[in-house]
Amino acid sequence: MDMFDTMFSQSGHLNEQIARHVFEIIPEGGPVLAIIDREGNCWPSDSERFTSLHIDETFLNDLRSKIDDGDEPIVTQLGEHSVVAVQLCTERTNCGYVLMVLCDQSPESTMKNVDLIEMVFGQVSLTAKLIEKNNLLYELQMKNSTSYAPGEVTLN
């Protein structure tokens, strides 16, 4: 992976912004969230905890292919932890996937709370859409402000 790919790609920049806004509200000791783009780049909410889960590329590729096949949300187990994953899209950008790891949770307790988990994913999706709209409005504003030279007067 080229380190500049995510820096200059639209989805990489958007994913980084989403992560910054969403991850700041996750309580300490709460679930571990990760945003994973289509190329496999990952933004975890807690890097240390995410690394300690030993989630390998094969496991992530399996989740991504199931989501791409239309199964959503994916609920599975990884050792003693429940993992739930969904696709993350806006109107213009396929950002990739959102993964939630519920440490030391059984499949039964995860399924009892699946509505709450889906609500959290909905909030992440809403955040992504609002950030994208804000970015588009900012770009439009910059284009409009640079289209008029200083001192130029427009007549209607």
* Asked: Mind checking which pairs have a first residue in region 10-30 that is farther than 18 Å from Val120 by Cα and in contact (Cβ under 8 Å) with a residue 60 or more places away in the chain and a second that is of a type in the set (Gly, Ala, Ser) and not in a helix (DSSP H, G or I), Cβ under 9 Å, 6 or more apart or different chains?
  -> Ser11/Gly96
* Asked: Can you pull out the residues in region 73-119 that are of a type outside the set (S, T, N, Q), touching a residue at least 24 places away in the same chain (Cβ under 8 Å) and either more than 23 Å from Asn61 (Cβ to Cβ) or in a helix (DSSP H, G or I) (or both)?
  -> Glu91, Arg92, Asp104, Pro107, Met111, Val114, Ile117, Glu118
* Among the residues of region 75-103, which ones are aliphatic (A, V, I, L, M) and surrounded by fewer than 18 Cβ atoms within 10 Å (Cβ to Cβ)? -> Val75, Leu78
* **Top-ranked residue of region 42-52 - restricted to ones that are surrounded by fewer than 20 Cβ atoms within 10 Å (Cβ to Cβ) and not small (Gly, Ala, Ser), ranked as farthest from His21 (Cα to Cα)** => Thr51
* For Ser65, all conditions in the list (1) of a type outside the set (A, V, I, L, M, F, W, C); (2) modelled with pLDDT of 90 or more; (3) closer than 24 Å to Ile26 by Cα hold save one; what is the number of the exception? -> (3)
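The values are calculated or read from the model by the stated rules, or taken from the named source; none is laboratory data. Being a predicted model, the structure only gives us computed values, none of them experimental. So basically every Cβ, Gly included, is an ideal-geometry build from the backbone, and we count neighbours across all protein chains shown.
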